[in-house]
Amino acid sequence: MQVTRRGFTTALAGSIVAPAILRTAYAQGATVKIGMVVPMTGAAAESGSFAQTGAKIALEAVNKAGGVLGKPLELIFEDDQTTNPGAVLAFSKLASQPDIVAFLGSIRSTQMHAMAPDMLKIGKPVGFGGTDPNLTKLGNPWLFRFRPNDSYSGKVIAQFGAKELGKKKWAIVHSTDAFGTAGGKALADALPENGSTLALDQGYANQSQDFTPVVLAVRQSGADILGTYFTFETDLGIFARQLRQLGVNIPWVGSPSIVNVSALKLAGPALYNTYGVADYAEDSSDASKAFGKAYRDVRKVAPDNQSSWTFDAVTCLAMAMNKAGSTEPNKVREAMLAIRGHKGAEGEYNFDKNGDGLHGYNIVKNDKGDIKFDKRIDFTPNLG
């Protein structure tokens, strides 16, 4: 196995792709290359290291099972510097290498929007984790999402708050970037069908240092429940601590970042007894548990969606290439769209015509720092 920049390997029990016989390609050093845009520096560097871990665990499992088309899989990493310009530059560097046959983009929707024109131009499959629903409606046939989009998260948050927590008057706090704006709107749109009302729609700028005005707006709104879409875990940690310091203790249901490892470390007790919609929940399925064990063996901590989506993306891209019997972009694309019933770390993958693979979320609770799985809510996708 070959991993560029920063390498390590770990075995994952069991095969996840159809076994192939390793022939002379291994001895000759020929590889099938996937390029990955990932934050190695900047505010998201820690979460970027988690993303690399997930991808590398999948890489090891693929190669242990026989590789891709009789060749070992290789990952090529480029640093996006946690910025949109950095992401564009990182993808450009990867795209300039003609032997890279597919890519992993970003978990951040705003970076995906920045890279999308170049991804369309290069014309090769791209797995990504950004949850803005609009990303798979851009007319770009090469984008494949490995997390549920926020049209689902909004529905799940609104339904859980109303039916399980019995709260109906919402304050929504969200980033003003593409992810936060789309997520906040999805939640607001889902309120009426659950008999709920909107008391506050409050945006904030990413990487803010003081959320006092936002917290005061929540407190003054009279809301009895809070829903949030935070892009960066660092922002969420500051907001959570200031929220509690100013005495706001209403029930809180957040987007997946509320249960990410970095946020839990930063916020500590300020996030106790909160709820989140999580695309990855370790106890939600046998496949999720298997990934959790493999990840803990490497990182010695619990995984979150920063690593689970990259694991699933590498796995599915390799599986599609083996199924297609080719790395030719159109054949891989057709094989990706044909994936049905694949049980990944994040859930069961059934790709629809837009490239969305997952269609539901897990509800989890922060029980004194321990993330407890509650239930999964899935929606029937239109796979036409």
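Every read-out reported here was derived from the displayed coordinates using simple, explicitly stated rules and does not represent laboratory data. Here the structure is a predicted model, which means the values were calculated and not measured. With ideal geometry, Cβ positions are generated from the backbone for all residues, glycine too; neighbour counts draw on all protein chains shown.
Couple of notes before you dig in:
- Rg over Rh, two decimals, the chain (C-alpha only, Kirkwood Rh): 0.97
- Calculated on the alpha-carbon coordinates, the convex hull of the range 217-259 measures out at 70 cubic angstrom per residue.
- Our coupling estimate for the range 293-307, obtained by passing each phi through the Karplus curve with A = 6.51, B = -1.76, C = 1.60 and θ = phi - 60°, is 5, 4, 5, 4, 4, 8, 9, 6, 9, 5, x, 9, 6, 4, 9 Hz, Gly and Pro reported as x.
- Max-minus-min Cα coordinates of the range 276-384 on each principal axis give 48, 33, 19 Å, with the largest extent listed first.
- Spatially proximal lysines relative to LYS300 (Cα-Cα < 23 Å; intrachain offsets below 8 disregarded): LYS56, LYS64, LYS265, LYS289, LYS365, LYS368, LYS372
- From the largest down, the range 95-181 spans 55, 22, 19 angstrom on the principal axes of its Cα atoms.
- Length gained on full extension, ASP99 to THR380, computed as 0.36 nm times the residue gap minus the Cα-Cα distance: 97.4 nm.
- Theoretical FRET efficiency, 1/(1+(r/R0)^6), r = Cβ-Cβ of ASP210 and GLN159, R0 51 Å, to 0.05: 0.95
- Backbone N under 20 Å from the ASN273 label point (7 Å along Cα→Cβ), restricted to the range 194-218: 215-216, 218
- Helical runs assigned H by DSSP (4 residues or longer) give the chain a calculated mean residue ellipticity at 222 nm of -12000 deg cm²/dmol, each run adding -39500 (n - 2.57) before division by the residue total.
- The range 86-115-the range 239-261 distance, computed between alpha-carbon centres (Å): 32 Å
- Spin-label model, LYS353 to ALA338: label points 7 Å out along the Cα-to-beta-carbon direction sit 1.9 nm apart.
- Of all DSSP beta bridges in the chain, antiparallel share, percent nearest 5: 30 percent
- Rg/Rh for the range 205-356, where both radii come from Cα atoms and Rh is the Kirkwood radius: 1.09
- Paramagnetic reach from ALA30 (point 7 Å along Cα→Cβ, amide N under 15 Å) across the range 65-100: 67-74, 99-100
- The trypsin sites (Lys or Arg not before Pro) of the range 280-310 that DSSP puts in a loop, and whose beta carbon has at most 10 other beta carbons within 10 Å, are LYS300.
- Cα-based shape type of the range 180-293, given that a ≥ b ≥ c are square roots of the gyration tensor eigenvalues and the cut on a/c is 1.5: oblate
- Cross-link reach list, aspartates and glutamates versus LYS168, counting only Cα pairs under 13 Å and skipping chain neighbours closer than eight places: GLU193, ASP224
- The angle between the Cα long axis of helix 233-245 and the main principal axis of the chain comes to about 20°, on a 0 to 90 degree scale.
- Phi angles across the range 110-125 convert, under the Karplus curve 6.51 cos²θ - 1.76 cosθ + 1.60 with θ = phi - 60°, into 3J(HN,Hα) values of 5, 6, 5, 4, 5, 8, 3, x, 5, 5, 5, 5, 6, x, 9, x Hz, Gly and Pro given as x.
- Within the range 291-342, all pairs of alpha-carbon atoms sorted by distance into 10 Å bins from zero give the percentages 24, 39, 24, 12.
- Each Cα pair under 8 Å and six or more residues apart adds its separation to the average, and for the range 191-295 the resulting relative contact order is 22 percent.
- Placed amide H near VAL68: partners under 5 Å, 5+ positions off or other chain: LEU73
- Under 12 Å, Cβ to Cβ, from PRO98 - net charge with Lys/Arg +1 and Asp/Glu -1: +1
- As a length-normalised measure over Cα pairs under 8 Å and 6 or more apart, the relative contact order of the chain settles at 17 percent.
- Here the range 309-336 is scanned for amide nitrogen atoms under 19 Å from the site 7 Å beyond the Cα of LYS293 along Cα-to-Cβ, giving 311-312.
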